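Trainee: Here it is, the structure, as structure tokens.
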Protein chains: 2
Amino acid sequence: MPKPRIKTMEDLSVAIGVSRPTLSRFFQDPNLIKPKTVARIEEGLERVEYVPNFFATRLNRKSTGMIGVIIPYLNDLFFTKLLEAVEVAAMEAGLSVITKCSHSDPLIEARAAETFMSMNVDGALVTPLGDHSDQAVYQRLKSRLPFVLMDSRPTTMPDVDYVGSDHMQSTGLITEYLCRVGDPPVFLAMPRVNFNALGREAAYIAKMKELGFEPEIIGVDAVNDDGYFEGHGEAVLDKAFAQGQLADRSILCVNDRVAIGAIRAAARHGLTPGRGARGGLRIAGHDDYPLCPYLNPSLTTVAQNTDAIGRKAVSRLLQIIGGSVATDTPEISLFDGELKLRESA
Amino acid sequence: MPKPRIKTMEDLSVAIGVSRPTLSRFFQDPNLIKPKTVARIEEGLERVEYVPNFFATRLNRKSTGMIGVIIPYLNDLFFTKLLEAVEVAAMEAGLSVITKCSHSDPLIEARAAETFMSMNVDGALVTPLGDHSDQAVYQRLKSRLPFVLMDSRPTTMPDVDYVGSDHMQSTGLITEYLCRVGDPPVFLAMPRVNFNALGREAAYIAKMKELGFEPEIIGVDAVNDDGYFEGHGEAVLDKAFAQGQLADRSILCVNDRVAIGAIRAAARHGLTPGRGARGGLRIAGHDDYPLCPYLNPSLTTVAQNTDAIGRKAVSRLLQIIGGSVATDTPEISLFDGELKLRESA
DNA sequence: CATCAATATTTACGTGTGTAAAAGGGAGGA
DNA sequence: TCCTCCCTTTTACACACGTAAATATTGATG
């Protein structure tokens, strides 16, 4: 017994016997209408099938109640974790989020931004690609709507609000830990297209100098070309171990995915990283990728506070939307990382 | 030097000196318009900033050019891989996709479905929750628009198109492999709320009987309650190993995430699964989770053909949208799994 | 220069809803 | 009974664009 389907609010108004503007207000907020009328409307909605047209409702509204989020990868649990935090925060604020993935392609990223602007979203949250994002797109975004960057901060966009981790603190934290408990670490980096990678590299160098050690960086050149972080970490260390190098060193990886590859390379060479044997191989990461506790050995790392980052990004966006804030000077929110001590270092 | 911003196509038409209907057709397909006029329009668009309003363009169109996709989790690389395949296929077909994540909540799933219907999407692709989806939602979805289920097939929805893996084949394949190379495996299952888990369990039983072995199933009851697959696998095996059980058995896990937990439990008890020692511990999974090659030991598993599944789901949707197909009888498309032999079994 | 076809413009109406102002109606109090 | 007051309805317009039919323009051809 399928209910009769009603397409327009007009038709619904005659079916229920309530004027269309009243229905319009009912769907926006039932409290605006007398309880008795509300009851009649709800009773009528029981008998028929009707949903207000998404486009028509948004066409003539000042606020669409939507925010757009752009992330660079889907196949990365860090970003999905961040996205979840954003979605939860947005839901609590009564916003619906439209997610677009740029697949690390500047063109797709630009298209997504265009889409958001054409949809009159109330604001946009963007996790930028490395240095190959089209910064003109960001300029337009900033000039047209509330706009907050997350996780990665392009040097070319100093005037945009930003929420992320304090690499100086987080990378400094694990660097210092590694130095205290064992030999000072080598830094396993990434090809220099990623601002986070650069920031952490700089933080590592600073902390090492502060402690009086000589910084040492490897993995800046791409060894493999499959584009995956794990593959990079494995390839770099596989080569090093094969040449009899690094097998007794502490290795701080730029992020956990690289560290996963690093651990794998160690295993292939019969090495088991861990804090057990002094002077032996140790491997640490950064991010607290969800699988860290389940690796063998489990991965010592620094957790990014994705929950706080997502929550802050949304609340900052709401501030700007609300207009209760000066936007001439950007707000930079950095959250501390938290040491996660496990087996690998 | 910000370009002047133009809001409506009307304003644009006076700014460029081309009629509005001509502009409308230009934005739909420039080929409909004389090259000389196209040049003039494009030249004009260089000088001003204008994007057609998303809602207005969709409001009065027969086809919105959008499809909706619902997945249950974001923090699962299997689903993100599937989503990528869908997005690629959709992009090639000129469709844009709207993704919603239900966070394994039937209410959110239902809301997402409502949203899709109110947006007049051309079709919907849904990866259902386990047995707790609201099937009334699916019924409405099916009655209102082209609708294809992916990955998991509720028994309550036999009349809906479905694209997924052939569990009988894939689970049979790895079961047979394990039986040939070593002792017949135990099946490490999941609490029975997941149709895939049930399907694979049944496939395991069938193959074992076919080969003349006695099926043996563990892990049906939840041991932990954190909701993560890895935690389930680890908890079940940790308990078993602690009791001196299963340490010399072959263990086929219902999926790779459970297997990751299983391997972790083994490591904690000093066990290294692998096909090396006859009669020793072996662990295998299902899905080919992207991290399988990087685990220690790397995980032997059966790859689901997510690429083919995503592609087929989109093409089937396009068929239904095109109307060139009988929808009275559902099409069930099952793809074969492919054995991925690695170290763990 | 006239003619025809291709293309562009004009005109007019449709899409489903938001929103504001004015007019209508019923309940309560004087 | 009359008069507020509050809520609802009516009326009207706005939103930005799709679409179709009729008309005007352009260019090439003869």
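Trainee: Just tell me how shielded A:48-61 is by partners: mean number of partner chain Cβ atoms within 10 Å of each residue's Cβ, no decimals.
Mentor: 5
Trainee: Continuing with the same structure: Restricting to region B:53-140, what percent of DSSP beta bridges are antiparallel, rounded to 5?
Mentor: Looking only at bridges with both residues in region B:53-140, the antiparallel portion is about 0 percent.
Trainee: Still on this model: So in the protein assembly as shown, what percent of DSSP beta bridges are antiparallel if you round to the nearest 5?
Mentor: Taking every DSSP beta bridge within the protein assembly as shown, about 10 percent pair in antiparallel fashion.
Trainee: How much net charge surrounds A:S63 when only other residues with a Cβ under 14 Å from its Cβ are counted (Lys, Arg +1; Asp, Glu -1)?
Mentor: +1
Trainee: Now a separate question. Averaging the inverse of every distinct alpha carbon separation and then flipping it gives the Kirkwood radius. What is it for region B:9-59, in angstrom units?
Mentor: When all Cα pairs of region B:9-59 are included, the Kirkwood radius is 11.1 Å.
Trainee: I would also like to ask the following. Please compute the contact order of chain B in relative form: average sequence separation of alpha-carbon pairs under 8 Å and at least six residues apart, divided by the residue count, as a percent.
Mentor: Taking the mean separation of contacting Cα pairs over the length of chain B, I get 16 percent.
Trainee: Can you work out the PRE-style zone for A:R5? Point 7 Å along Cα to Cβ, and I want the residues of region B:148-174 with backbone N under 19 Å.
Mentor: Those under the cut-off are B:148-149, B:159-161.
Trainee: Also: Using a label point 7 angstrom from Cα along Cα-to-C-beta, what distances in nm, from shortest up, separate B:Q243 from the other copies?
Mentor: Shortest to longest, the spacings are 5.2 nm.
Trainee: Determine, for each peptide in B:321-333, B:186-198, B:52-64, the mean count of other beta carbons within 10 angstrom over its residues, then list the peptides with the highest first.
Mentor: B:186-198, B:52-64, B:321-333
Trainee: While we're here: Work out from phi, with θ = phi - 60° and the Karplus expression 6.51 cos²θ - 1.76 cosθ + 1.60, the ³J(HN,Hα) of each residue of region B:335-345, listed in order in whole Hz, and give x for Gly and Pro.
Mentor: Here the 3J(HN,Hα) series is 10, 6, x, 10, 5, 10, 7, 10, 7, 6, 6 Hz.
Trainee: Per the Cauchy relation, a quarter of the hull surface: what is the mean projected area of the convex hull of the alpha carbons in region A:167-303, in nm²?
Mentor: Mean projected area of the Cα convex hull: 7.4 nm².
Trainee: Sort shortest first the distances from B:V325 to its counterpart in every other copy, using label points 7 Å along the Cα-to-beta-carbon line, and give them in nm.
Mentor: B:V325 label point versus its equivalents elsewhere: 4.7 nm.
Trainee: Among A:E49, A:E109, B:E201, which comes first, then next, by fewest other beta-carbon atoms within 10 Å?
Mentor: Neighbour counts put them in this order, fewest first: A:E49, B:E201, A:E109.
Trainee: Please tell me the relative contact order of region A:167-303 in percent, rounded to the nearest whole number, where contacts are Cα pairs under 8 Å and at least six residues apart.
Mentor: After rounding, I find 24 percent.
Trainee: Given an 8 Å cut-off on Cα distances and at least 6 residues of separation, report the relative contact order of region A:9-59 as a percent.
Mentor: Here the relative contact order equals 31 percent.
Trainee: Please list, ordered by chain and number, the residues whose modelled amide H lies under 5 Å from the amide H of B:F147; skip anything fewer than 5 residues away on the same chain.
Mentor: Excluding prolines and chain starts, which carry no amide H, the hits are B:A124.
Trainee: Quick one: of B:K34/B:K81; B:K81/B:K207; A:K7/A:K312, which pairs are farther than 32 Å apart, Cα to Cα?
Mentor: Beyond 32 Å: B:K34/B:K81; A:K7/A:K312.
Trainee: What nm value, rounded to one decimal, do you get for the distance between B:L59 and A:E176 when each label is placed 7 Å out toward the C-beta?
Mentor: Modelled inter-label distance: 5.9 nm.
Trainee: I'd like the trypsin sites (Lys or Arg not before Pro) in region B:274-345 restricted to DSSP loop residues with at most 12 other Cβ atoms within 10 Å, sorted by number.
Mentor: Within region B:274-345, the qualifying trypsin sites (Lys or Arg not before Pro) (loop, at most 12 other Cβ atoms within 10 Å) are B:R278.
Trainee: Across region B:42-51, in residue order, what do the Karplus-derived ³J(HN,Hα) couplings come to in whole Hz, using 6.51 cos²θ - 1.76 cosθ + 1.60 with θ = phi - 60° and x for Gly and Pro?
Mentor: Once θ is set to phi - 60°, the couplings for region B:42-51 become 4, 4, x, 5, 5, 8, 10, 10, 8, 10 Hz.
Trainee: Could you give the radius of gyration (one decimal) and Dmax (whole number) of the Cα atoms in the protein assembly as shown, in Å?
Mentor: Answer for the protein assembly as shown, Rg first and Dmax second: 27.5, 84 Å.
Trainee: Right, next: Have a look at the DSSP beta bridges in chain B and tell me what percent are antiparallel, nearest 5.
Mentor: Restricted to chain B, the bridges split so that about 10 percent are antiparallel.
Trainee: If neighbour count is taken as other Cβ atoms inside 10 Å, put B:I263, A:I260 in order from fewest to most.
Mentor: Listed from fewest to most nearby Cβ atoms, that is A:I260, B:I263.
Trainee: A follow-up question, please. Just how far, in whole angstrom, is region B:227-288 from region A:199-264 if you go by their alpha carbon centroids?
Mentor: Their Cα centres are 30 Å away from one another.
Trainee: Let me ask something else. What does the helix-only formula give at 222 nm for the protein assembly as shown: each DSSP H stretch with n ≥ 4 adding -39500 (n - 2.57), the total divided by the residues, and the result rounded to the nearest 500 deg cm²/dmol?
Mentor: Rounded to the nearest 500, it is -13500 deg cm²/dmol.
Trainee: Where the centroid of each part is defined by its Cα atoms, how far is region B:52-78 from region B:83-100 in Å?
Mentor: Taking the Cα centre of each part, region B:52-78 and region B:83-100 sit 9 Å apart.
Trainee: Taking H placed 1.01 Å from N in the peptide plane, check which residues at least 5 places from A:V186 or on another chain put their amide H under 5 Å from its amide H.
Mentor: Excluding prolines and chain starts, which carry no amide H, the hits are A:S250, A:I251, A:L252.
Trainee: Counting only residues 5 or more places away or on other chains, whose amide H sits under 5 Å from the amide H of A:V302 once H atoms are built in the peptide plane?
Mentor: For A:V302, the qualifying residues are A:G285, A:H286, A:D287, A:D288, A:K340.
Trainee: On the principal axes of its Cα set, how long, how wide and how thick is chain A? Give whole Å, largest value first.
Mentor: 83, 50, 33
Trainee: How far apart are the A:D11 label points across copies, placing each 7 Å from Cα toward Cβ, in nm, shortest first?
Mentor: 3.5
No lab work stands behind these numbers, since they all come straight from the coordinates. Just so we're clear, the structure is a prediction, and the values are computed from it rather than from any experiment. All Cβ positions, glycine included, derive from the backbone under ideal geometry; neighbour counts span all protein chains shown.
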